[in-house]
Amino acid sequence: MGKAARNRRRRHERTGRGQHGSPERPSWWAQPTDVARGGTTEAKELAARVADAVEMPCRATFLDDPVFGGALNALLTGADVSQPPDPGGTTKAPPVLLFEPLHMMAMKDTLTGTVHELRTEALVMGGFHRLSGPVWSVELADGWGVYRTKDMVVLRNADGEVVAKSKLALDPAWESAAVSHGYVLVFHGHPLGVKPPPGKTEHTYTTRDRAMEFRQARYNGLLTGAVVKWGGITQDTLDWVLFPPGAFGVPLPLAYVPIWSFTPHGGPEAFGFTRLNKRVQAPFAEGMVANLTATDLDLVRPGEADRAIAFIAGYHCGDEPANKQFFEGWRQAVLDCGGMVVMTGNRDMPALLGASREQDQYAWEVMGESWGTKVLVSEDSKVDALATGPARPQEGQPREVIARAEHQAEYMQVLKDKLAGQESFSVSVNNALETLIDKAGLQHWITNLWPLACQTCSEPLGAKADISADGPFEDNKILLSMHHSGCRPSGVTPPEGVKMSCPTSSFAAGYLSADDKPQDYDLPVMVINPSCEQLQLIPNSSGGWRNATLEVFTTLGFAPPDGNFPPTAREVEAEVSGDYLIVTVTGYLPDNHDHEWAIKAPEHVLHQIRRLEGIAVSLVTKALPTLLGHEDLPSAFGDKDALIGWVPLAMTG
C-alpha cells in the first residue's frame with residue numbers, strides 16, 4: 001500500500017468513515033443531492049436556512065431505553081453496554097431528549113477530503129461533546145438549559161439562544177425524573193431514530209430500526225451530546241415580533257426582541273435602551289445599527305469588521321410565503337423611515353394587535369414593562385436597498401403621519417366647502433332600529449353623527465346616509481353608524497355580522513384669546529372629533545341615553561370642563577414638526593384604533609405650544625371641528641358633553 005493510500009485510510013478511520021467495520025445502514029438511507037460550492041451565494045443561503053431551522057422532531061425517553069443498549073446498567077454497575085438493561089432495576093433512569101434535525105449540512109475540505117457538519121461543529125464549539133464512546137460518557141455543558149413552555153420543549157445555549165425546540169407533550173413521569181435528577185441527557189444528530197423514515201410508521205418503526213439509526217449517526221460523527229441542566233417552565237419569551245408603523249401609536253416600524261439577546265453584550269442599557277413605562281419615547285441607540293436584507297434583520301455594531309464580533313442579535317423571516325411577504329413590506333417601511341424602534345423584554349408579546357380587547361390590553365402591559373431605543377438603518381442596507389429593491393424616498397420627505405395629514409387636508413377642504421353650503425343632510429332610518437333605541441333617543445343623538453365617509457366602504461357619503469344600529473354590547477351599549485344605502489341599508493346587525501371601517505376624525509387648531517390680536521398669554525388649543533360617523537350610546541338612569549363615545553378617553557385623564565384649567569392628560573403627547581402639530585395617544589384605549597392627529601397649524605399656535613410646552617385639547621362629538629371658526633373655539637371648552645385635557649409637549653423640531 002502506497003503512502004497516499006495509507007494516509008487516506010487512516011484519515012477515513014479517524015473521521016469514522018472507513019470501508020471496514022461500518023454498521024449496517026438502513027434500507028431507506030439516501031445520499032444527499034443538494035450540493036453547493038463553498039463561498040457562493042447558494043452555499044450561504046443554504047447555511048442560513050439550516051442554521052435557522054431550530055424547530056425539529058424530538059423524542060423524550062430514558063437512559064434505560066433499549067435503543068441505547070443497556071446504558072443504564074452500564075452506568076450503575078459498570079457492566080458491558082452491549083447487555084440489555086435489567087427490567088427489575090429499582091433506580092430511577094435519567095431522562096433523555098433526542099433532537100433530530102430535518103436537515104444537516106456537510107462541508108467538505110477539498111484539500112484534505114475531511115467532511116464536517118455545520119450544526120454538529122457549532123454544538124461542539126458551544127459546549128456539547130462529539131459522542132464516540134458509550135452514551136453515559138457525555139459531560140456537563142456549562143450554562144446550557146432545557147426548558148418547557150405550554151406546548152414545547154426548548155434547548156438553549158449559555159447565551160440563552162434557542163438551539164433546538166420541538167412541539168412535544170412531556171409525560172409527567174419523564175418531567176418528574178427531570179426534576180428529581182436536576183438534569184437531562186440531551187443528544188443531537190441525524191438520524192437518531194426519532195422521526196419514522198419514508199415507508200415506515202410508528203408501528204413498523206421498530207426498536208432495532210431506531211438503534212441502528214442511533215449507531216449510524218455516532219459512526220458518521222453526527223452525534224453530539226451533553227448533560228444539560230433542567231430549567232423547568234421558562235419565563236422568558238423566545239420569539240421576535242415585528243409590527244408595522246402605527247402600532248402602539250408609533251409612526252415607525254417596531255421590532256420586539258427577547259431581552260436575553262442583549263444579555264451577553266451587557267444588557268439593553270449598554271446600547272442606550274431606556275424603560276418605556278407605556279410611553280414609546282425611546283432615545284437613539286448607542287453602538288448599534290440595523291442591517292437589512294431581503295430575508296434578514298441583524299442588529300450589529302457599526303464599523304466592526306469582524307462579523308462575529310459585530311453581530312448582536314438577528315431575525316430570519318423563514319421560507320413561508322406569508323412571512324416573506326410581510327417581511328418585504330416591513331423591511332421597506334424601515335428603509336422608508338430610515339430606522340425602527342426596537343423594544344426588548346422578557347414577556348411574550350402578542351404577534352397581532354386588534355384581535356381582541358384582552359390581547360391588546362396585554363400587549364400594552366408588555367410594552368409598558370419593556371425597554372426601547374430607536375435604531376438607524378446601516379449604510380450597507382441603504383446601498384443594498386438601492387441595488388435590489390424600490391428606491392427610498394428623497395431625504396426630507398415628510399413622515400407618514402404628515403403625508404396623511406396633507407392628503408386629508410385636501411379632502412377636508414372640499415368637504416368643508418360642501419358642508420358649508422349645505423344647510424342639512426338627509427338620513428334614512430329603518431323601523432327595525434326601534435328594537436334597540438326609541439325614536440326620541442335616536443332623533444336626539446343623530447345630530448352627533450357627521451356624514452363624512454361610509455363605514456362600510458370608506459368612500460365619501462355625500463348629502464344622504466343610512467343609519468344602522470348594532471348591539472347591545474357590554475353594559476347594554478349600542479353603536480350608531482352611517483353608510484351608503486347600497487353598502488349597508490339602514491337596519492340592525494345582520495345574522496352574519498358586519499365589518500366596519502374606522503371612523504373619520506375631524507380636528508382644528510387655534511388659540512383662546514381675550515383680544516383680537518395674538519398675544520403672549522393666548523392659550524393654544526386643538527378641538528378633535530375622533531368619531532364623526534360612529535356614536536356609542538348607553539342607557540342612563542332616567543330611561544334615556546347618554547353619549548359614551550368619548551368615555552374611554554377619561555382613562556387618559558380627560559375630564560368634563562369645570563371652569564378650571566384643563567387637567568394634564570396621561571399617555572398623550574404633542575409634537576411640533578416643522579409647521580405641523582401632531583397629537584398622539586401613546587396609551588392603550590380598549591376597543592379603539594390608534595389615534596394620531598396631525599394638522600398644519602398657524603405659526604402663532606406653534607409658538608405658544610413651544611412657549612407653554614403643551615396644548616389644551618377638547619374632545620367633542622356634537623361639532624365638526626373642520627367647520628369651526630376662531631370665535632367658535634371657546635364653546636368647545638365649555639360644552640358639558642366635551643372632555644378636555646392639557647397635553648404636554650414631548651418633542652419639537
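The values are calculated or read from the model by the stated rules, or taken from the named source; none is laboratory data. Please read these numbers as outputs of a predicted model, since none were measured by experiment. Cβ placement follows ideal geometry from the backbone for every residue including glycine, while neighbour counts extend to all protein chains displayed. Each accessible area value is taken on the protein alone, full model and side chains, heavy atoms only, with ligands, DNA and RNA left out. Shrake-Rupley method; radii C 1.70, N 1.55, O 1.52, S 1.80 Å.
Structural remarks
- Altogether, the Stokes-Einstein calculation at 4 °C and 1.567 mPa s, with the Kirkwood radius of region 584-653 over Cα pairs as Rh, returns a diffusion coefficient of 93 µm²/s.
- Accessible area expressed per residue, region 138-244, with surrounding protein chains retained (probe 1.4 Å, Å²): 44 Å²
- When region 528-653 is described by a simple charge dipole with +1 on each Lys and Arg Cβ and -1 on each Asp and Glu Cβ, the residue from 552, 539, 584 located farthest towards its positive end is 539.
- Relative contact order (%) - region 277-329, alpha-carbon pairs under 8 angstrom, separation at least six: 26 percent
- Relative to its residue count, region 534-653 spans a Cα convex hull of 123 Å³ per residue.
- Taking a point 7 Å from the Cα of residue 493 along the Cα-to-Cβ direction, the residues of region 433-465 with backbone N closer than 18 Å to it are 433-438, 455-456.
- Label-point separation in nm, residue 294 to residue 474, each point 7 Å along Cα→Cβ: 4.6 nm
- Sites residue 515 and residue 444, calculated FRET efficiency, Cβ-Cβ separation with R0 30 Å, nearest 0.05: 0.20
- Sparsely packed trypsin sites (Lys or Arg not before Pro) within region 148-208, loop by DSSP, other Cβ within 10 Å at most 10: 150
- Computed in the context of the full set of protein chains, the accessible area of region 505-551 at 1.4 Å probe radius has 46% of its extent on carbon or sulfur.
- Restricting region 154-243 to GluC sites (Glu not before Pro) that sit in a DSSP loop and have at most 16 other Cβ atoms within 10 Å of their own Cβ leaves 161, 202.
- Between region 145-195 and region 336-350, the alpha-carbon centres lie 29 Å apart.
- In this structure, residue 554 and residue 610 have a Cβ-Cβ separation that, at R0 = 22 Å, corresponds to a calculated FRET efficiency of about 0.20.
- Theoretical gain in end-to-end length, residue 565 to residue 325 [0.36 nm per residue, Cα-Cα removed]: 81.4 nm
- In the context of the full set of protein chains, region 282-326 has a per residue accessible area of 58 Å² (1.4 Å probe).
- Virtual spin-label span in nm between residue 309 and residue 175, 7 Å along Cα→Cβ: 4.5 nm
- Counting 0.36 nm for each residue step from residue 132 to residue 632 and taking away their Cα separation leaves a gain of 171.4 nm.
- On the beta carbon distance between residue 301 and residue 53, with R0 = 30 Å, the FRET formula returns roughly 0.70.
- Extension gain for residue 485-residue 369 works out to 37.1 nm (0.36 nm per residue, less the C-alpha to C-alpha distance).
- Computed over protein heavy atoms with a 1.4 Å probe, the carbon and sulfur contribution to the accessible area of region 566-650 reaches 50%.
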